[in-house]
Amino acid sequence: MIRLFDKGAFVFNGQDIVSEENIQNEYRAYSAACPEKQEAAKNTLAYSVLSAHNTSGNMEKLKIRFDKLTSHDITFVGIIQTARASGLESFPIPYVLTNCHNSLCAVGGTINEDDHMFGLSCAKRYGGMFVPPHQAVIHQFAREMLAESGKMILGSDSHTRYGALGTMAVGEGGPELVKQLLKKTYDINMPKVVGVHLTGKLRHGVGPQDVALAIIGAVFKNGYVNNKVMEFFGEGVNNLTVDERIGIDVMTTETTCLSSIWITDSKVKEFYEIHKRPEGFKELKLPEVVYYDGLIDIDLSEIHPMIAMPFHPSNTYTIDELNANLLDILDDVEKKALVSLDNNKVEYKLKDKVRNGRLYVDQGVIAGCAGGGFENLCAAADILNGKFIGADDFSLSIYPASQPIMMELVKNGTIAKFLETGATVRTAFCGPCFGAGDVPCNRGFSIRHSTRNFPNREGSKVTNGQIASVALMDARSIAATAANKGYLTSAETFEGDFTKPKYFFDSTIYENRVYNGVGHPDKNVEVKFGPGIVDWPEMCALQDNMLLQMASVIKDPVTTTDELIPSGETSSYRSNPLGLAEFTLSRKDPAYVGRAKNIQKAEKARWKAASADDITAALPEIKTVLEKVEKDFGADPLKLQVGSVIYAVKPGDGSAREQAASCQKVLGGLANIAHEYATKRYRSNLINWGMVPFLFDEEAPFEVGDYLFVKDIKDAIINKRFEIKAYIVNKDNKEITLKIGELTDDEREIITKGCLINYYRG
């Protein structure tokens with residue numbers, strides 16, 4: 001079904017694949033004319049697009065300027081506030097503010113709608129575009145109105161992926177967008193490129209989410225595409241509709257790749273024509289010889305309906321496999337869940353969902369940037385046509401991804417088909433994907449065509465004794481399950497025909513409602529601030545030495561950004577750094593905030609201290625530690641930066657949300673220590689908030705409450721040292737070696753200044 005090459009591979013004429021080790025033996029006719037792999041690697045689509053956007057003159061060290069930016073209402077307030085504090089005068093490139101995450105104003109009074117008014121006023125003042133709530137989810141609007149073949153888009157949402165339309169898109173934390181707004185660059189090493197070779201055709205009843213989950217299951221755990229670009233090509237691409245390509249593409253985020261790009265063809269050309277932007281199309285095809293650093297070979301005809309069981313999109317099975325081995329697999333899922341749920345904080349069961357030998361589901365949701373597409377919903381309606389979902393526990397909710405899609409579904413009768421079944425149809429809203437809508441009941445089991453199924457992401461709170469879980473599936477199998485009134489069913493059992501109605505895009509919906517001030521800033525417009533919009537607190541520059549108290553030790557294999565700063569109702573506080581910080585690790589380590597704020601007392605006192613006594617007066621318990629550090633290492637307490645640190649094995653999987661890092665910094669966090677970082681974007685967020693992203697190769701010797709002294713940290717950052725000695729003070733100065741990893745010159749200066757805001761203030 002899916003084969004991963006052990007090494008790189010050459011591709012000839014867009015279809016003939018030869019592994020790197022066999023190039024001389026297998027294809028003598030090709031090998032004579034074949035360039036060295038370093039030269040052939042320059043023939044990838046990714047290299048071409050990156051080269052066109054690189055300003056450094058060095059393709060090994062990229063400095064990228066993007067064509068467009070996009071953010072939603074959880075992130076744009078912090079981005080614009082940071083840029084304003086750094087001297088923003090106007091948006092230098094098109095910047096689109098969508099309002100699809102905090103669309104429901106049900107938490108915290110007026111704060112969500114206040115953020116929307118802030119966004120509209122900024123779009124007017126600085127020359128941007130504003131998409132009001134319920135008009136479109138961020139990524140569907142970008143597909144319909146922003147994407148262009150050969151261009152690049154940077155977004156503050158991790159699922160910023162428009163590769164199926166020929167656009168290289170990257171999801172990053174807000175500070176990276178701030179850099180673009182201030183005419184700076186996105187600095188990375190040239191990423192490796194992994195080819196994804198598609199052959200064959202999808203089976204009847206198989207959809208894009210099935211392909212996506214199969215890929216994620218094959219590559220996530222081994223890190224095959226981590227921080228690389230996935231490049232899709234092959235005859236199988238031509239056998240997919242553009243909607244199907246989009247559905248696969250958006251889920252590449254869950255592989256932890258950096259970005260994606262696809263070859264484009266007449267179907268993509270038609271997509272741009274349908275959306276009244278024919279100038280956005282450019283044919284992208286592979287040249288005669290291309291070298292890929294890795295290759296994934298996929299026969300689409302061998303993909304069957306898939307399910308990703310709790311609590312990760314990579315925990316995949318075919319639905320038939322699950323149904324055939326139901327109790328064994330459910331038992332395994334329950335055991336794996338103990339790791340994610342901190343071993344018995346709550347009782348977690350799935351085997352009790354088995355009724356008469358079949359798995360019963362409590363809820364189905366088809367929504368958002370992954371599931372709410374036109375073809376997905378039409379196919380689901382075909383499967384449900386003439387059926388009803390029943391009057392038991394099971395419910396079904398449908399969220400079209402944009403108002404134009406909703407309009408066409410109304411016109412062609414699809415909405416009526418859904419309503420007749422007992423399903424409910426909602427407006428364009430991302431809430432179900434992160435726990436702000438359609439939260440299952442306690443111990444409920446929800447199947448969703450959305451993007452993630454991390455612990456607590458659907459809205460339950462383990463610390464309150466609540467637990468629910470989500471499995472990811474394609475809209476077609478969700479519909480088949482709904483047609484069987486909640487009993488898990490593969491869409492391959494559907495024997496009817498798919499009607500495949502033609503899509504007609506109505507642009508007047510946006511023309512009548514979306515504010516478009518791109519290129520036309522109006523300095524006379526005053527920015528509107530609600531009482532929930534709060535400025536960033538003062539952040540101190542890096543000092544000579546660092547004393548870190550271990551505020552949380554997380555030994556799970558992977559720690560997601562949803563665990564570092566939960567989603568759901570906390571999203572309403574994203575415009576208030578101090579308020580949001582109170583939720584940090586609240587569903588993973590509820591005592592963390594108290595510990596971090598306690599050690600922060602010493603640092604705040606140090607800012608104004610005349611002597612060490614002033615520091616210990618604020619936090620008496622630190623007195624003996626300061627005395628020991630001064631005696632043993634000669635460290636001046638007044639130049640000893642004091643703060644908290646988190647240890648996690650592999651933090652940062654999932655969302656691009658910068659708040660996973662900024663909330664730690666607001667609470668006095670100065671560093672993370674990890675065996676590795678799950679994504680480039682989380683590590684970048686740490687750096688942009690002035691936190692040191694330490695690496696530690698050995699088994700963690702840390703315990704909560706330990707004091708870690710890092711000597712000459714400022715010198716190490718400035719002088720590009722890759723390793724530094726640290727000492728666990730309360731354990732007889734036990735010496736360990738921390739790695740800092742590669743940092744750009746700008747990143748080193750950001751850390752020494754204390755954060756990106758300080759860096760821009762000079």
Inset, instruction - Once you have the Kirkwood Rh of segment 116-194 from its Cα pairs, apply Stokes-Einstein at 20 °C and 1.002 mPa s and quote D in µm²/s. - result: 153 µm²/s
Inset, instruction - Starting from the Kirkwood radius over alpha-carbon pairs of segment 526-672, derive D by Stokes-Einstein at 10 °C in a medium of 1.306 mPa s and give it in µm² s⁻¹. - result: 97 µm²/s
Inset, instruction - Within 10 Å of each residue's Cβ, count the other Cβ atoms and sort Asp362, Asp265, Asp210 from fewest upward. - result: Asp265, Asp362, Asp210
Inset, instruction - Report the percentage of all Cα-Cα pairs in segment 395-523 whose separation exceeds 20 Å, rounded to a whole percent. - result: 57 percent
Inset, instruction - Multiply the residue separation of Asn719 and Arg358 by 0.36 nm, subtract the distance between their alpha-carbon atoms, and state the gained length in nm to one decimal. - result: 123.7 nm
Legend entry - Packing-based ranking, highest mean first, of 41-47, 269-275, 524-530 given that Cβ atoms within 10 Å are counted: 41-47, 269-275, 524-530
Inset, instruction - Measure out, as a whole number of angstrom, how far apart the alpha-carbon centroids of segment 608-669 and segment 377-406 sit. - result: 52 Å
Inset, instruction - Could you state the orientation-averaged shadow area of the convex hull built on the Cα atoms of segment 314-413, in nm² to one decimal? - result: 8.6 nm²
Legend entry - With eigenvalues of the C-alpha gyration tensor scaled by 5 and rooted, segment 354-396, Å: 23, 13, 9
Inset, instruction - Calculate, axis by axis, the spread of Cα positions in segment 199-256 along the three principal axes, and write the results as whole Å, longest axis first. - result: 30, 20, 17
Inset, instruction - Normalise the Cα radius of gyration of segment 545-761 by 2.2 N^0.38 Å (N = residues in it) and let me know the number. - result: 0.95
Legend entry - Average silhouette area of segment 633-734, convex hull of alpha-carbon atoms, in square nanometres: 6.9 nm²
Inset, instruction - Over 21 Å, how big is the tail of the calculated P(r) for segment 1-147, in percent of all Cα pairs? - result: 62 percent
Inset, instruction - Report, in cubic angstrom per residue, the convex hull volume of the C-alpha atoms of segment 296-351. - result: 85 Å³
Inset, instruction - Give, to the nearest whole percent, the P(r) tail of segment 138-234 beyond 22 angstrom, counting all Cα pairs. - result: 40 percent
Inset, instruction - Just add up the charged neighbours of Ile757: K/R +1, D/E -1, any other residue whose Cβ is under 11 Å from the Cβ of Ile757. - result: +2
Inset, instruction - Please work out the ratio of the alpha-carbon Rg of segment 356-444 to 2.2 N^0.38 Å and round it to two decimals. - result: 1.09
Inset, instruction - Give me the percent of DSSP beta bridges within the chain that run antiparallel, rounded to the nearest 5. - result: 40 percent
Inset, instruction - Restricting to segment 545-761, compute how many DSSP beta bridges are antiparallel as a %, nearest 5. - result: 40 percent
Inset, instruction - Sorted from largest down, give the three principal axis spans of the alpha carbons of the chain, whole angstrom values. - result: 80, 67, 61
Legend entry - Estimated translational D of segment 314-508 in µm²/s (Stokes, Kirkwood radius over Cα pairs; 4 °C; 1.567 mPa s): 76 µm²/s
Inset, instruction - Measure out, as a whole number of angstrom, how far apart the alpha-carbon centroids of segment 438-486 and segment 256-295 sit. - result: 33 Å
Inset, instruction - Within 10 Å, count the other beta carbons around each residue, average over each peptide in 351-358, 709-716, 142-149, and list them highest first. - result: 142-149, 709-716, 351-358
Legend entry - Interchain or long-range residues, amide H under 5 Å from Val470's placed H: Ser446
Legend entry - Exposure proxy ranking, count of Cβ atoms within 10 Å, fewest first, for Trp536, Trp607, Trp689: Trp607, Trp536, Trp689
Inset, instruction - Find the centroid of the Cα atoms in segment 549-600 and in segment 159-206, then give the distance between the two in whole Å. - result: 28 Å
Inset, instruction - Please give, to one decimal in nm, the separation of the simple spin-label points placed at Asp535 and Met59, each 7 Å out from Cα toward the Cβ. - result: 4.6 nm
Inset, instruction - Can you check how the C-alpha radius of gyration of segment 1-303 compares to 2.2 N^0.38 Å, as a plain ratio? - result: 1.04
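None of the figures in this text is laboratory data; all of them are computed from the coordinates on show. Small disclaimer: the values here were computed from a predicted structure and weren't measured. Here Cβ is always computed from backbone atoms with ideal geometry, including for glycine, and neighbour counts include all displayed protein chains.
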